[in-house]
Amino acid sequence: MKKRTKIMVVENDLATKNVIGGALVAEGYDVVTTETQKEALTLLAEASIDILVADINFPKTEGVNFLREIKQSFPEMKVILMSVNGSADSIAYAMQEGVCDCLTKPFSMNKLLLVVNRLLRMRALEVENVSLRKRVGEQYGFGGLVGRSPRMLQIYDTIETVSQTDATVLISGESGTGKELAANAIHLLSNRKNAPFVKVNCAALPETLLETELFGHERGAFTGAIRQRRGRFELADTGTLFLDEIGDLPLSVQVKLLRVLQERQFERVGGNETISVDVRLICATLKDLKNEIQRGAFREDLYYRLNVVPISLPPLKERKEDILPLIDYFATRISKKMGKKVKGVSEEAKTLLYKYPFPGNIRELENIMERAIALLKGDMIKPEDLPDDVRDQGKSQSIVCERIMELKQLGEAVSIFEKEYIQNVLKATKGKKGQAAEILGISRKNLWEKIKSLEIEI
Ligand SMILES: Nc1ncnc2c1ncn2[C@@H]1O[C@H](COP(=O)(O)OP(=O)(O)OP(=O)(O)O)[C@@H](O)[C@H]1O
Ligand SMILES: [Mg+2]
(Lines give C-alpha, C1' and ligand atoms only; values in the text may rest on other atoms or scores of the structure.)
(Ligands and ions follow the chains in the order given, each with its own letter.)
Protein backbone atom coordinates (compact mmCIF):
# COMPACT_ATOMS: atom_id res chain seq x y z
CA MET A 1 0.00 0.00 0.00
CA LYS A 2 1.24 3.45 -0.85
CA LYS A 3 2.39 5.36 2.21
CA ARG A 4 0.19 8.38 2.95
CA THR A 5 1.93 11.73 3.06
CA LYS A 6 2.48 12.92 6.61
CA ILE A 7 2.39 16.62 7.37
CA MET A 8 3.17 18.33 10.64
CA VAL A 9 1.71 21.71 11.55
CA VAL A 10 3.44 23.84 14.18
CA GLU A 11 1.22 26.79 15.12
CA ASN A 12 0.72 28.35 18.52
CA ASP A 13 -2.62 29.94 17.68
CA LEU A 14 -5.14 27.20 18.35
CA ALA A 15 -7.81 28.40 15.90
CA THR A 16 -5.35 28.74 12.99
CA LYS A 17 -3.82 25.39 13.82
CA ASN A 18 -7.23 23.73 13.60
CA VAL A 19 -8.12 25.42 10.30
CA ILE A 20 -4.86 24.38 8.66
CA GLY A 21 -4.95 20.89 10.12
CA GLY A 22 -8.57 20.45 9.04
CA ALA A 23 -7.87 21.58 5.47
CA LEU A 24 -4.98 19.14 5.15
CA VAL A 25 -6.93 16.22 6.63
CA ALA A 26 -9.77 16.97 4.20
CA GLU A 27 -7.26 16.56 1.36
CA GLY A 28 -6.39 13.09 2.61
CA TYR A 29 -3.09 13.80 4.31
CA ASP A 30 -2.04 12.37 7.66
CA VAL A 31 -1.67 15.36 9.93
CA VAL A 32 0.17 15.84 13.22
CA THR A 33 -0.25 19.18 15.00
CA THR A 34 1.55 20.84 17.85
CA GLU A 35 1.81 24.27 19.40
CA THR A 36 5.48 24.40 20.38
CA GLN A 37 8.78 23.96 18.61
CA LYS A 38 10.07 21.83 21.43
CA GLU A 39 7.26 19.34 21.09
CA ALA A 40 7.66 19.46 17.31
CA LEU A 41 11.26 18.24 17.58
CA THR A 42 10.23 15.35 19.83
CA LEU A 43 7.38 14.36 17.52
CA LEU A 44 9.55 14.64 14.42
CA ALA A 45 12.00 12.16 15.88
CA GLU A 46 9.17 9.67 16.34
CA ALA A 47 7.12 10.00 13.17
CA SER A 48 8.48 10.16 9.66
CA ILE A 49 7.14 13.46 8.45
CA ASP A 50 7.29 14.48 4.79
CA ILE A 51 6.34 18.13 5.08
CA LEU A 52 6.53 20.57 7.95
CA VAL A 53 4.31 23.67 7.99
CA ALA A 54 5.54 25.92 10.77
CA ASP A 55 4.92 29.32 12.24
CA ILE A 56 8.09 30.12 14.11
CA ASN A 57 9.80 33.29 15.19
CA PHE A 58 11.87 33.85 12.11
CA PRO A 59 14.41 35.38 11.69
CA LYS A 60 14.79 35.53 15.46
CA THR A 61 17.53 33.30 16.91
CA GLU A 62 15.12 30.81 18.37
CA GLY A 63 13.48 30.24 14.99
CA VAL A 64 16.77 30.07 13.13
CA ASN A 65 18.08 27.46 15.58
CA PHE A 66 14.93 25.42 15.15
CA LEU A 67 15.39 25.42 11.36
CA ARG A 68 19.06 24.49 11.64
CA GLU A 69 18.26 21.59 13.88
CA ILE A 70 15.65 20.40 11.40
CA LYS A 71 18.01 20.76 8.45
CA GLN A 72 20.63 18.72 10.25
CA SER A 73 18.42 15.97 11.62
CA PHE A 74 15.87 15.69 8.81
CA PRO A 75 17.62 16.94 5.67
CA GLU A 76 15.05 15.46 3.32
CA MET A 77 12.01 16.99 4.94
CA LYS A 78 10.34 19.86 3.10
CA VAL A 79 9.66 22.93 5.21
CA ILE A 80 7.02 25.59 4.61
CA LEU A 81 7.37 28.66 6.77
CA MET A 82 4.33 30.74 7.69
CA SER A 83 4.29 34.33 8.70
CA VAL A 84 7.78 35.42 7.79
CA ASN A 85 7.86 39.18 7.56
CA GLY A 86 7.55 39.21 3.81
CA SER A 87 10.73 41.13 2.90
CA ALA A 88 12.84 39.64 0.13
CA ASP A 89 15.81 39.55 2.48
CA SER A 90 14.17 37.48 5.16
CA ILE A 91 12.67 35.12 2.58
CA ALA A 92 16.11 34.65 1.02
CA TYR A 93 17.53 34.06 4.48
CA ALA A 94 14.86 31.47 5.22
CA MET A 95 15.61 29.70 1.94
CA GLN A 96 19.26 29.58 2.92
CA GLU A 97 18.27 27.84 6.10
CA GLY A 98 16.64 25.09 4.07
CA VAL A 99 13.08 26.41 3.88
CA CYS A 100 11.32 25.48 0.63
CA ASP A 101 8.53 28.02 0.62
CA CYS A 102 7.23 30.94 2.68
CA LEU A 103 3.61 31.94 3.15
CA THR A 104 2.73 35.34 4.61
CA LYS A 105 -0.37 35.36 6.78
CA PRO A 106 -3.19 35.60 6.04
CA PHE A 107 -3.18 33.08 3.19
CA SER A 108 -5.91 30.92 1.71
CA MET A 109 -5.99 27.18 2.27
CA ASN A 110 -5.92 26.76 -1.51
CA LYS A 111 -2.59 28.48 -1.66
CA LEU A 112 -1.22 26.20 1.07
CA LEU A 113 -2.48 23.10 -0.75
CA LEU A 114 -0.83 24.25 -3.98
CA VAL A 115 2.50 24.67 -2.23
CA VAL A 116 2.19 21.27 -0.53
CA ASN A 117 1.45 19.68 -3.89
CA ARG A 118 4.43 21.29 -5.53
CA LEU A 119 6.76 20.13 -2.76
CA LEU A 120 5.46 16.60 -2.99
CA ARG A 121 6.18 16.55 -6.72
CA MET A 122 9.66 17.87 -5.99
CA ARG A 123 10.23 15.14 -3.45
CA ALA A 124 9.06 12.44 -5.84
CA LEU A 125 11.49 13.75 -8.45
CA GLU A 126 14.36 13.67 -6.00
CA VAL A 127 13.61 10.06 -5.13
CA GLU A 128 13.41 9.22 -8.84
CA ASN A 129 16.77 10.88 -9.48
CA VAL A 130 18.46 8.85 -6.79
CA SER A 131 17.18 5.58 -8.20
CA LEU A 132 18.03 6.71 -11.73
CA ARG A 133 21.56 7.40 -10.63
CA LYS A 134 21.73 3.93 -9.13
CA ARG A 135 20.49 2.35 -12.35
CA VAL A 136 22.93 4.31 -14.51
CA GLY A 137 25.63 3.17 -12.13
CA GLU A 138 24.73 -0.47 -12.60
CA GLN A 139 24.54 -0.43 -16.34
CA TYR A 140 27.61 1.51 -17.31
CA GLY A 141 29.75 1.34 -14.24
CA PHE A 142 29.27 3.82 -11.48
CA GLY A 143 30.25 7.26 -12.79
CA GLY A 144 32.56 5.53 -15.28
CA LEU A 145 33.88 3.18 -12.60
CA VAL A 146 33.53 -0.41 -13.76
CA GLY A 147 33.65 -3.38 -11.39
CA ARG A 148 31.20 -4.77 -8.89
CA SER A 149 33.48 -6.44 -6.36
CA PRO A 150 32.25 -6.08 -2.77
CA ARG A 151 34.95 -3.53 -2.00
CA MET A 152 34.03 -1.40 -4.99
CA LEU A 153 30.32 -1.61 -4.17
CA GLN A 154 31.14 -0.26 -0.75
CA ILE A 155 33.10 2.57 -2.35
CA TYR A 156 30.21 3.42 -4.70
CA ASP A 157 28.03 3.65 -1.65
CA THR A 158 30.40 6.09 0.04
CA ILE A 159 30.71 8.10 -3.18
CA GLU A 160 26.95 8.32 -3.53
CA THR A 161 26.47 9.43 0.06
CA VAL A 162 29.33 11.89 0.18
CA SER A 163 28.38 13.42 -3.17
CA GLN A 164 25.23 14.77 -1.52
CA THR A 165 27.32 16.76 0.97
CA ASP A 166 30.10 19.32 0.76
CA ALA A 167 32.46 17.30 2.96
CA THR A 168 36.13 17.25 2.00
CA VAL A 169 37.20 13.87 0.63
CA LEU A 170 40.64 12.31 0.67
CA ILE A 171 41.09 9.55 -1.90
CA SER A 172 44.08 7.29 -1.50
CA GLY A 173 45.28 4.36 -3.55
CA GLU A 174 48.14 3.05 -5.64
CA SER A 175 48.87 4.50 -9.03
CA GLY A 176 46.21 3.74 -11.62
CA THR A 177 43.51 2.58 -9.19
CA GLY A 178 41.01 5.18 -10.36
CA LYS A 179 41.49 8.04 -7.90
CA GLU A 180 40.77 10.72 -10.48
CA LEU A 181 37.79 8.82 -11.82
CA ALA A 182 36.37 8.54 -8.30
CA ALA A 183 36.82 12.29 -7.76
CA ASN A 184 35.01 12.89 -11.02
CA ALA A 185 32.16 10.62 -10.01
CA ILE A 186 31.68 12.53 -6.75
CA HIS A 187 31.46 15.80 -8.65
CA LEU A 188 29.09 14.44 -11.29
CA LEU A 189 26.72 13.00 -8.72
CA SER A 190 26.70 16.16 -6.60
CA ASN A 191 24.48 19.15 -7.11
CA ARG A 192 27.60 21.03 -8.17
CA LYS A 193 27.69 18.94 -11.35
CA ASN A 194 26.93 21.86 -13.64
CA ALA A 195 29.57 24.05 -11.99
CA PRO A 196 33.31 23.69 -12.78
CA PHE A 197 35.42 20.67 -11.83
CA VAL A 198 38.91 22.11 -11.60
CA LYS A 199 41.98 19.93 -11.26
CA VAL A 200 45.45 20.80 -10.01
CA ASN A 201 48.31 18.31 -9.96
CA CYS A 202 50.37 19.39 -6.95
CA ALA A 203 53.34 17.27 -8.05
CA ALA A 204 53.59 18.87 -11.46
CA LEU A 205 54.41 22.44 -10.45
CA PRO A 206 57.29 24.02 -8.53
CA GLU A 207 56.49 25.63 -5.20
CA THR A 208 56.23 29.25 -6.33
CA LEU A 209 54.08 28.49 -9.34
CA LEU A 210 51.82 26.25 -7.35
CA GLU A 211 50.89 29.03 -4.98
CA THR A 212 49.88 31.42 -7.76
CA GLU A 213 48.19 28.59 -9.61
CA LEU A 214 45.98 27.87 -6.61
CA PHE A 215 45.36 31.35 -5.30
CA GLY A 216 46.06 33.61 -8.26
CA HIS A 217 48.10 36.80 -8.16
CA GLU A 218 47.68 40.55 -8.43
CA ARG A 219 49.20 42.63 -11.14
CA GLY A 220 52.82 43.40 -10.28
CA ALA A 221 52.98 40.74 -7.56
CA PHE A 222 56.30 39.61 -9.02
CA THR A 223 58.39 40.25 -12.09
CA GLY A 224 56.39 39.14 -15.06
CA ALA A 225 53.00 39.47 -13.37
CA ILE A 226 51.73 41.91 -15.93
CA ARG A 227 48.11 41.40 -15.15
CA GLN A 228 45.95 40.08 -12.38
CA ARG A 229 45.24 36.37 -12.57
CA ARG A 230 42.58 34.36 -10.81
CA GLY A 231 43.69 31.12 -9.22
CA ARG A 232 42.12 27.69 -9.40
CA PHE A 233 40.25 28.25 -6.15
CA GLU A 234 38.43 31.16 -7.73
CA LEU A 235 37.89 29.29 -10.98
CA ALA A 236 36.32 26.44 -9.03
CA ASP A 237 33.91 28.75 -7.18
CA THR A 238 30.50 27.02 -6.71
CA GLY A 239 32.08 23.83 -8.07
CA THR A 240 34.69 21.26 -7.04
CA LEU A 241 38.45 21.60 -6.76
CA PHE A 242 40.44 18.40 -7.16
CA LEU A 243 43.94 18.57 -5.69
CA ASP A 244 45.80 15.58 -7.08
CA GLU A 245 49.01 14.27 -5.46
CA ILE A 246 48.34 16.33 -2.34
CA GLY A 247 51.25 14.54 -0.64
CA ASP A 248 53.58 16.64 -2.79
CA LEU A 249 52.17 19.97 -1.65
CA PRO A 250 55.07 22.07 -0.28
CA LEU A 251 54.81 23.02 3.39
CA SER A 252 54.48 26.72 2.63
CA VAL A 253 51.42 26.10 0.48
CA GLN A 254 50.03 23.68 3.07
CA VAL A 255 49.77 26.58 5.53
CA LYS A 256 47.78 28.63 3.08
CA LEU A 257 45.53 25.72 2.19
CA LEU A 258 44.84 25.11 5.86
CA ARG A 259 43.63 28.67 6.22
CA VAL A 260 41.32 28.35 3.23
CA LEU A 261 39.84 25.22 4.74
CA GLN A 262 39.31 26.90 8.08
CA GLU A 263 37.99 30.21 6.85
CA ARG A 264 37.07 29.65 3.19
CA GLN A 265 39.02 32.82 2.51
CA PHE A 266 42.37 33.79 1.04
CA GLU A 267 44.25 36.59 -0.70
CA ARG A 268 45.79 36.44 -4.14
CA VAL A 269 49.60 36.47 -4.12
CA GLY A 270 50.70 40.09 -3.71
CA GLY A 271 47.18 41.24 -2.83
CA ASN A 272 45.25 42.50 0.21
CA GLU A 273 41.72 41.85 -0.89
CA THR A 274 40.22 38.91 0.96
CA ILE A 275 38.44 36.56 -1.37
CA SER A 276 35.74 34.14 -0.29
CA VAL A 277 34.89 31.08 -2.30
CA ASP A 278 32.36 28.27 -2.16
CA VAL A 279 34.43 25.29 -3.21
CA ARG A 280 34.10 21.59 -2.52
CA LEU A 281 37.52 20.06 -2.08
CA ILE A 282 38.59 16.57 -3.09
CA CYS A 283 42.21 15.48 -2.67
CA ALA A 284 44.05 12.41 -3.86
CA THR A 285 47.30 10.84 -2.83
CA LEU A 286 49.30 7.75 -3.59
CA LYS A 287 51.65 8.52 -0.74
CA ASP A 288 50.80 7.42 2.77
CA LEU A 289 50.17 10.80 4.38
CA LYS A 290 50.69 9.39 7.87
CA ASN A 291 54.26 8.53 6.84
CA GLU A 292 54.67 12.00 5.38
CA ILE A 293 53.55 13.48 8.72
CA GLN A 294 56.16 11.39 10.53
CA ARG A 295 58.80 12.62 8.11
CA GLY A 296 57.75 16.18 8.81
CA ALA A 297 56.73 16.67 5.18
CA PHE A 298 53.00 17.01 5.81
CA ARG A 299 51.16 19.00 8.44
CA GLU A 300 49.10 16.91 10.79
CA ASP A 301 46.45 19.61 11.27
CA LEU A 302 45.97 19.84 7.51
CA TYR A 303 45.73 16.06 7.26
CA TYR A 304 42.79 15.98 9.66
CA ARG A 305 41.08 18.77 7.76
CA LEU A 306 41.44 16.88 4.49
CA ASN A 307 40.68 13.41 5.74
CA VAL A 308 37.05 14.16 6.64
CA VAL A 309 35.79 11.35 4.40
CA PRO A 310 38.54 8.92 3.44
CA ILE A 311 38.12 6.71 0.38
CA SER A 312 40.76 4.08 -0.15
CA LEU A 313 40.81 2.44 -3.56
CA PRO A 314 42.04 -1.15 -3.43
CA PRO A 315 44.70 -2.34 -5.88
CA LEU A 316 43.36 -4.47 -8.72
CA LYS A 317 45.04 -7.60 -7.41
CA GLU A 318 42.86 -7.37 -4.32
CA ARG A 319 39.66 -7.34 -6.37
CA LYS A 320 40.35 -9.91 -9.01
CA GLU A 321 36.68 -10.38 -9.76
CA ASP A 322 36.75 -6.94 -11.40
CA ILE A 323 39.40 -7.97 -13.93
CA LEU A 324 37.09 -9.75 -16.38
CA PRO A 325 34.39 -7.04 -16.44
CA LEU A 326 37.17 -4.49 -16.96
CA ILE A 327 38.63 -6.52 -19.83
CA ASP A 328 35.24 -6.63 -21.54
CA TYR A 329 34.67 -2.95 -20.89
CA PHE A 330 38.04 -1.90 -22.34
CA ALA A 331 37.74 -4.33 -25.28
CA THR A 332 34.42 -2.75 -26.27
CA ARG A 333 35.44 0.83 -25.62
CA ILE A 334 38.87 0.72 -27.24
CA SER A 335 37.81 -1.29 -30.30
CA LYS A 336 35.02 1.19 -30.89
CA LYS A 337 37.41 4.11 -30.53
CA MET A 338 39.90 2.55 -32.93
CA GLY A 339 37.18 1.43 -35.32
CA LYS A 340 38.36 -2.19 -35.14
CA LYS A 341 36.25 -5.31 -35.01
CA VAL A 342 37.17 -7.27 -31.91
CA LYS A 343 35.14 -10.33 -31.00
CA GLY A 344 36.70 -10.61 -27.59
CA VAL A 345 39.52 -12.07 -25.56
CA SER A 346 40.35 -15.78 -25.72
CA GLU A 347 39.96 -17.83 -22.57
CA GLU A 348 43.71 -18.44 -22.43
CA ALA A 349 44.43 -14.73 -22.63
CA LYS A 350 41.81 -14.03 -19.97
CA THR A 351 43.40 -16.63 -17.73
CA LEU A 352 46.79 -14.99 -18.07
CA LEU A 353 45.38 -11.54 -17.37
CA TYR A 354 43.47 -12.88 -14.41
CA LYS A 355 46.62 -14.30 -12.91
CA TYR A 356 48.75 -11.20 -13.50
CA PRO A 357 49.29 -8.99 -10.39
CA PHE A 358 48.94 -5.63 -12.23
CA PRO A 359 51.43 -3.44 -10.38
CA GLY A 360 50.14 -0.52 -12.48
CA ASN A 361 46.53 -1.42 -11.68
CA ILE A 362 43.69 -0.45 -14.00
CA ARG A 363 45.79 1.96 -16.00
CA GLU A 364 48.14 -0.93 -16.83
CA LEU A 365 45.24 -3.16 -17.84
CA GLU A 366 43.89 -0.38 -20.04
CA ASN A 367 47.31 0.06 -21.68
CA ILE A 368 47.67 -3.68 -22.25
CA MET A 369 44.28 -3.77 -23.95
CA GLU A 370 45.04 -0.70 -26.01
CA ARG A 371 48.33 -2.14 -27.26
CA ALA A 372 46.77 -5.52 -27.99
CA ILE A 373 43.89 -4.04 -29.97
CA ALA A 374 46.11 -1.59 -31.86
CA LEU A 375 48.37 -4.41 -33.08
CA LEU A 376 45.66 -7.05 -33.45
CA LYS A 377 45.60 -8.93 -36.74
CA GLY A 378 42.57 -11.17 -36.25
CA ASP A 379 39.46 -10.43 -34.25
CA MET A 380 40.34 -12.26 -31.04
CA ILE A 381 42.90 -11.18 -28.42
CA LYS A 382 45.15 -14.15 -27.70
CA PRO A 383 48.10 -14.77 -25.36
CA GLU A 384 50.57 -13.74 -28.08
CA ASP A 385 48.96 -10.28 -28.14
CA LEU A 386 49.81 -9.73 -24.48
CA PRO A 387 53.08 -8.30 -23.11
CA ASP A 388 55.82 -10.75 -22.10
CA ASP A 389 55.32 -10.10 -18.39
CA VAL A 390 51.74 -11.26 -18.63
CA ARG A 391 52.46 -14.22 -20.93
CA ASP A 392 55.39 -15.54 -18.96
CA GLN A 393 53.41 -16.39 -15.90
CA GLY A 394 51.41 -18.85 -18.04
CA LYS A 395 54.14 -21.28 -17.19
CA SER A 396 52.83 -21.72 -13.70
CA GLN A 397 50.21 -24.40 -13.15
CA SER A 398 46.53 -24.49 -12.21
CA ILE A 399 45.73 -20.87 -12.91
CA VAL A 400 42.78 -21.91 -15.00
CA CYS A 401 41.14 -23.56 -12.01
CA GLU A 402 41.75 -20.57 -9.78
CA ARG A 403 39.82 -18.30 -12.11
CA ILE A 404 37.17 -20.74 -13.18
CA MET A 405 36.23 -21.65 -9.63
CA GLU A 406 35.45 -18.11 -8.74
CA LEU A 407 33.60 -16.95 -11.74
CA LYS A 408 31.97 -19.53 -13.96
CA GLN A 409 29.02 -21.83 -14.02
CA LEU A 410 30.03 -25.46 -13.91
CA GLY A 411 29.31 -26.29 -17.58
CA GLU A 412 31.31 -23.36 -18.86
CA ALA A 413 34.12 -23.98 -16.37
CA VAL A 414 34.38 -27.60 -17.42
CA SER A 415 34.63 -26.59 -21.11
CA ILE A 416 37.41 -24.10 -20.37
CA PHE A 417 39.26 -26.65 -18.32
CA GLU A 418 38.74 -29.37 -20.93
CA LYS A 419 40.05 -27.14 -23.65
CA GLU A 420 43.19 -26.12 -21.82
CA TYR A 421 43.85 -29.56 -20.47
CA ILE A 422 43.50 -31.23 -23.87
CA GLN A 423 45.75 -28.53 -25.28
CA ASN A 424 48.38 -29.31 -22.64
CA VAL A 425 48.22 -33.04 -23.35
CA LEU A 426 48.51 -32.40 -27.09
CA LYS A 427 51.51 -30.20 -26.43
CA ALA A 428 53.09 -32.88 -24.28
CA THR A 429 52.55 -35.51 -27.00
CA LYS A 430 53.82 -33.04 -29.61
CA GLY A 431 50.46 -33.12 -31.37
CA LYS A 432 50.20 -36.91 -31.59
CA LYS A 433 46.48 -37.48 -31.32
CA GLY A 434 46.55 -41.23 -30.83
CA GLN A 435 48.84 -40.88 -27.85
CA ALA A 436 46.89 -37.95 -26.48
CA ALA A 437 43.59 -39.84 -26.77
CA GLU A 438 45.16 -42.74 -24.93
CA ILE A 439 46.38 -40.53 -22.08
CA LEU A 440 43.00 -38.83 -21.91
CA GLY A 441 41.24 -42.18 -21.94
CA ILE A 442 38.98 -41.26 -24.85
CA SER A 443 38.69 -42.48 -28.42
CA ARG A 444 40.49 -40.70 -31.28
CA LYS A 445 37.11 -39.85 -32.76
CA ASN A 446 36.01 -38.35 -29.49
CA LEU A 447 39.23 -36.34 -29.31
CA TRP A 448 38.65 -35.00 -32.83
CA GLU A 449 35.15 -33.96 -31.93
CA LYS A 450 36.42 -32.11 -28.87
CA ILE A 451 39.15 -30.41 -30.85
CA LYS A 452 36.48 -29.14 -33.22
CA SER A 453 33.81 -28.18 -30.72
CA LEU A 454 36.22 -26.52 -28.28
CA GLU A 455 38.08 -24.78 -31.12
CA ILE A 456 41.42 -26.17 -29.98
CA GLU A 457 44.33 -25.04 -32.10
CA ILE A 458 46.91 -27.64 -32.94
N1 LIG B 1 36.98 1.22 -12.03
C2 LIG B 1 37.38 1.66 -13.23
N3 LIG B 1 36.63 1.40 -14.30
C4 LIG B 1 37.01 1.80 -15.52
N5 LIG B 1 38.13 2.48 -15.76
C6 LIG B 1 38.91 2.77 -14.74
C7 LIG B 1 38.57 2.39 -13.41
N8 LIG B 1 39.52 2.83 -12.58
C9 LIG B 1 40.43 3.46 -13.35
N10 LIG B 1 40.07 3.43 -14.65
C11 LIG B 1 40.84 3.98 -15.76
O12 LIG B 1 42.20 3.73 -15.47
C13 LIG B 1 42.98 4.87 -15.75
C14 LIG B 1 43.63 5.37 -14.48
O15 LIG B 1 42.65 5.91 -13.63
P16 LIG B 1 42.93 7.26 -12.78
O17 LIG B 1 43.68 8.24 -13.58
O18 LIG B 1 41.62 7.67 -12.20
O19 LIG B 1 43.84 6.60 -11.66
P20 LIG B 1 44.72 7.33 -10.54
O21 LIG B 1 44.51 6.51 -9.32
O22 LIG B 1 44.37 8.76 -10.49
O23 LIG B 1 46.17 7.08 -11.08
P24 LIG B 1 47.52 7.92 -10.74
O25 LIG B 1 47.82 7.71 -9.30
O26 LIG B 1 48.51 7.26 -11.61
O27 LIG B 1 47.23 9.33 -11.10
C28 LIG B 1 42.06 5.90 -16.37
O29 LIG B 1 42.13 5.83 -17.77
C30 LIG B 1 40.70 5.48 -15.89
O31 LIG B 1 39.72 5.83 -16.83
MG1 LIG C 1 45.62 10.42 -10.83
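The values are calculated or read from the model by the stated rules, or taken from the named source; none is laboratory data. Please read these numbers as outputs of a predicted model, since none were measured by experiment. Backbone-built Cβ (ideal geometry, glycine too); neighbour counts: all protein chains shown.
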Scan segment 355-382 residue by residue and report those that are in a helix (DSSP H, G or I) and away from ligand 2 (no atom under 15 Å from the Cβ).
-> K355, L365, I368, M369, E370, R371, A372, I373, A374, L375
Listed by first then second residue, the pairs whose first member lies in segment 428-439 and is more than 16 Å from E418 (Cα to Cα), whose partner is basic (K, R), with beta carbons under 8 Å and at least 6 positions apart or on separate chains, are G434/R444
Residue satisfying condition, being part of a strand (DSSP E or B) and closer than 24 Å to S175 by Cα, within set L281, L326 = L281
Hey, can you tell me all the residues within segment 167-182 that are away from ligand 1 (no atom under 16 Å from the Cβ) and surrounded by fewer than 16 Cβ atoms within 10 Å (Cβ to Cβ)?
-> A167
Inside segment 208-264, can you point out the residues that are closer than 22 Å to Y303 by Cα, of a type in the set (D, E, K, R) and more than 16 Å from ligand 1 (Cβ to nearest atom)?
-> E211, E213, R232, K256, R259, E263, R264
Using the structure shown, decide if Y303 is of a type outside the set (D, E), under 22 Å from the mean Cα position of the chain (by Cα), part of a helix (DSSP H, G or I) and away from ligand 1 (no atom under 16 Å from the Cβ).
-> yes
Of all residues in segment 141-192, how many are at pLDDT below 90 and among the aromatic types (F, W, Y)?
-> 1
State whether one or more residues within segment 56-75 are of a type in the set (G, A, S), touching a residue at least 12 places away in the same chain (Cβ under 8 Å), farther than 26 Å from L125 by Cα and exposed (fewer than 13 other Cβ atoms within 10 Å of the Cβ).
-> no
Do the conditions hold for L324, that is, is it within 16 Å of ligand 2 (Cβ to nearest atom), closer than 30 Å to S149 by Cβ and among the hydrophobic types (A, V, I, L, M, F, W, C)?
-> no
Residue list for segment 277-299, filter: exposed (fewer than 13 other Cβ atoms within 10 Å of the Cβ) and more than 16 Å from ligand 1 (Cβ to nearest atom) | D278, K290, N291, Q294, R295, G296
Residues in segment 179-238 that are within 16 Å of ligand 2 (Cβ to nearest atom), of a type in the set (S, T, N, Q) and in contact with a helix residue (DSSP H, G or I) (Cβ under 7 Å, 6 or more places away or on another chain) total 0
Just one listed residue, out of V53, V19, V25, V32, is within 19 Å of C102 (Cα to Cα) and either outside any helix (DSSP H, G or I) or free of Cβ contacts under 8 Å to residues at least 24 places away in the same chain (or both), and it is V53
Name the pairs: first residue in segment 360-375 and among the charged types (D, E, K, R), second residue surrounded by 17 or more Cβ atoms within 10 Å (Cβ to Cβ) and in a helix (DSSP H, G or I), Cβ to Cβ under 7 Å, at least 6 apart or on different chains?
-> E366/F330; E370/I334
Pair list, Cβ under 8 Å, 6 or more apart: segment 327-355 residue within 11 Å of E370 (Cα to Cα) and small (G, A, S), other residue more than 16 Å from ligand 2 (Cβ to nearest atom) and in a helix (DSSP H, G or I) | A331/M369; A331/I373; S335/I373
Any residue at all in segment 351-361 that is outside the structural domain of V200 (by TED's automatic domain parsing), among the small types (G, A, S) and under 29 Å from V414 (Cα atoms)?
-> no
For L189, indicate whether it is within 11 Å of the chain's Cα centre (by Cα) and among the aliphatic types (A, V, I, L, M).
-> yes
When you go through A185, A195 one by one, which is the residue that is in a helix (DSSP H, G or I), crowded, with 17+ Cβ neighbours inside 10 Å, assigned by TED's automatic domain parsing to the domain that holds E245 and small (G, A, S)?
-> A185
Filter segment 301-347 for residues that are closer than 21 Å to L243 by Cα and among the polar types (S, T, N, Q); which is surrounded by the fewest Cβ atoms within 10 Å (Cβ to Cβ)?
-> S312
